1. Counting Lys and Arg as +1 and Asp and Glu as -1, each charge on the Cβ, what is the dipole of the chain about the Cα centre in debye, to the nearest 20?
2. Apply the Karplus curve 6.51 cos²θ - 1.76 cosθ + 1.60, θ = phi - 60°, to the phi angles in the range 285-302 and return the couplings in whole Hz, x for Gly and Pro.
3. Between residue 250 and residue 68, 0.36 nm times their residue separation minus their Cα-Cα distance comes to what?
4. List the residues whose amide H sits under 5 Å from the amide H of residue 280, counting only those 5 or more places along or on another chain, with H placed 1.01 Å from N in the peptide plane.
5. Using modelled amide H (1.01 Å from N, peptide plane; none on Pro or chain starts), what sits under 5 Å from the amide H of residue 287, excluding residues fewer than 5 places away?
6. With all protein chains present, calculate the accessible area of residue 63 using a 1.4 Å probe and round the result to the nearest 10 Å².
7. Accessible area per residue of the chain at 1.4 Å probe, in Å²?
8. May I ask for the distance between the Cα centers of the range 197-222 and the range 79-130, given as a whole number of Å?
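The values are calculated or read from the model by the stated rules, or taken from the named source; none is laboratory data. Remember, predicted model here, so these are calculated numbers, not experimental data. Cβ placement follows ideal geometry from the backbone for every residue including glycine, while neighbour counts extend to all protein chains displayed. In case anyone asks, the SASA skips ligands and DNA or RNA and just uses the protein heavy atoms, side chains included. Shrake-Rupley method; radii C 1.70, N 1.55, O 1.52, S 1.80 Å.
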Amino acid sequence: MSMHKSPKISITVAAAVLTVVALAACTTTDAPAPTSAPATAKAASSGAAVFPTSEVSSLVEDMPQRTVKDLPAARLADGLIPPTNRWFSGLVFGEESMPVFPLPLSFQLTDSGFAFGLPEVSADTNVIRGGFTGQIGVRIGASEGNLDQEVTAYDEASVTVSQSSDGSELGRTVIARGSPFVSFTAATDVAVSMPTAFTETGDGVWTADVAGSTYGLVSAGTLSAGTDLSLEAGQSVTWFALPEGGELETFAEAAVHPVVGTSVEYRTDAESATTTIHYDTSDGGDTLVAAMPHQLAGLADDIDCGEGEYSSIYGRLSVCLGTTLSWSVPTIAPSGALDLTGLGDDERQRLADQVRSDVAATKTFAADTYFGGKSLYRAANLLEVARQVGVDDAVTELTDRLTKALDQWMDPDGCVDGTERCFVYDPDAKGLVGLATSFGSEEFNDHHFHYGYFFYAAAVVAADDPEAVGRWAPVMNLLAADLATSGGSDFFPDRRVFDAYAGHSWASGTSPFGDGNNQESSSEAVTAWNGLALWGDVSGQADLATEAEWMLSSEAASSRAYWTDFDLADPVYEGFEHTVTSLVWGGKRDYATWFSAEPSAMLGILVLPMSPVAGYLGGDPDRVQANLADALPTGGVDADRYDVMFGDYLLMYAALQGREAASAALADAESLPEERIDDGNSRAYLLAWLMRWGSPPAG
């Protein structure tokens with residue numbers, strides 16, 4: 001949820017790997033060139049814990065602790081960290097359970113149990129819909145109003161809900177990302193009933209046809225009249241939806257091996273970033289998993305996905321047999337600065353003059369976590385341009401201003417007496433929250449959007465001032481832990497916002513919506529992981545840098561697949577009249593934003609802030625042009641077509657069509673009104689971006 005709206009920086013560190021506790025001791029031998037060579041290709045898996053309890057406990061203890069805003073009532077077992085910003089957050093938070101979308105199914109808790117069904121997918125001018133359908137209702141044992149349900153376990157891709165009555169557990173229900181199955185295992189002898197009658201097909205398999213879909217049920221229990229199932233303690237029942245082209249026998253066989261949990265591994269190298277999700281079943285037998293379009297494009301060769309297809313708001317989902325889903329996407333190398341080595345003397349002078357003008361116009365940095373971080377990011381980008389074109393006085397001034405500002409933000413005691421430009425640890429919600437808040441950050445909305453700007457700014461400054469790493473590490477690493485903890489922690493959830501199955505993040509903290517969680521600014525999510533990777537690199541934290549590069553690469557691929565560059569020929573888009581979906585939910589995709597109905601906002605929010613890593617948005621010049629035509633007045637042909645909201649970022653996006661387009665955009669940029677330069681941008685960086693894409697780097 002968001003209601004607002006290439007070279008790599010590196011240093012040589014004396015210690016090979018710096019822990020979050022001992023970062024203050026780092027030193028450097030030589031200041032790097034701002035366009036250093038790419039780092040050696042890395043390979044790592046999620047087996048290495050990032051920010052475990054032992055590394056962050058003392059850092060948390062040194063922070064002011066305060067709950068800025070209570071989270072809503074939660075259906076959550078004691079001892080579990082609140083799962084904010086997850087695909088299933090709406091199932092946990094609020095007086096009433098919201099629908100969630102594990103895919104291919106939709107699912108919701110009810111007063112008497114739960115309901116699930118295949119979404120009915122359709123599209124019109126501005127929306128692709130696939131909302132909740134409770135086609136199969138399930139009542140668990142207890143009398144009406146006497147059933148308690150809470151999440152008792154969750155992991156990378158699965159959720160376990162415990163059902164109990166009068167303090168006694170009746171059983172547990174498991175749903176998982178990509179799983180066409182819903183399973184319930186009895187903890188005691190229990191009756192399960194359904195309003196929909198199932199018909200026996202033999203060997204413990206029953207089916208029911210509802211709304212054009214076939215649903216199956218497999219159980220060793222006793223089913224009477226097709227609606228009333230008696231289970232003994234330890235027995236299970238599994239429901240499933242049969243896909244188009246799927247075989248009942250195959251699904252019935254997989255249904256006897258219920259999914260009980262999941263885990264994720266990841267790996268990156270110079271070419272690809274690989275995600276592997278393991279689906280643990282009750283007895284190790286094979287299950288079935290639906291692969292999304294972005295996964296199919298890079299699916300591992302040994303995975304068989306010929307077991308049918310489901311419709312979804314993301315396109316067709318192909319069903320794969322096995323307990324592992326593994327796919328790769330192109331690696332996006334983190335980038336902290338534009339490569340301006342190909343610029344001529346006149347261009348460099350033009351930039352130098354503009355840098356001085358922009359530095360003189362740089363205002364006091366904002367005090368809240370979003371606009372404050374964004375203003376630091378703007379100055380850091382300006383600093384990188386100043387470094388490369390040799391404006392030494394601007395480098396000195398910007399470095400001084402950024403250092404003082406980050407020193408204030410990164411003071412662990414800043415919020416003891418202060419009320420802005422500082423952070424506290426929320427011991428109830430288990431995370432870091434900045435004062436002053438913005439866009440619901442106190443309820444954990446948009447943390448990755450906000451904190452990514454801080455990571456980037458800190459990495460840019462610390463590239464020439466390694467002593468700053470030690471000063472900023474205590475708080476900066478807690479910001480990183482808020483988003484990128486892995487391997488389990490008592491203080492933070494694992495990867496708070498990132499959904500490994502979908503390959504992208506979710507932005508709403510508690511997700512109080514009927515269409516699930518959502519994310520608007522996919523580009524700010526990419527920017528966040530880029531900044532985090534740069535911070536991991538500059539602070540010598542190799543495991544963090546690898547994890548961030550994996551999330552960066554995954555988010556970039558999914559942002560193109562579902563926000564900006566999806567296949568318009570897919571039948572799911574029939575009736576949809578736009579080329580982007582600017583607000584992606586679990587149960588729908590909107591041509592809309594939280595803040596504006598302007599067409600330029602729909603695309604602008606998906607490309608800002610055009611960070612040095614934003615070249616991933618290119619690659620298809622025709623699609624860039626089509627997206628611009630949809631976003632700009634009169635299809636983007638008027639002379640003042642960029643005099644619109646986010647016009648500066650759309651000009652920068654236009655440059656990705658090629659050298660000729662970049663030159664044309666540069667001419668347009670010269671006359672762009674000052675009020676069209678976003679508060680996270682500067683005219684110098686705008687011009688530098690256009691010049692870089694109009695002139696290839698030297699060599």
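1. Details: 36 positive and 97 negative charges, 208 e Å.
Here the chain has a charge dipole of around 1000 debye.
2. Using θ = phi - 60°, the values come out as x, 5, 10, 10, 9, 8, 8, 7, x, 5, 6, 4, 4, x, 5, 4, 4, 8 Hz.
3. Difference between extended and current length: 60.4 nm.
4. When sequence neighbours closer than 5 places are left aside, the close amide H contacts are 260, 261, 262, 263.
5. Amide H neighbours of residue 287: 322, 323.
6. Its heavy atoms expose roughly 10 Å² to the probe.
7. Counting only protein heavy atoms, the per-residue value for the chain is 33 Å².
8. 24
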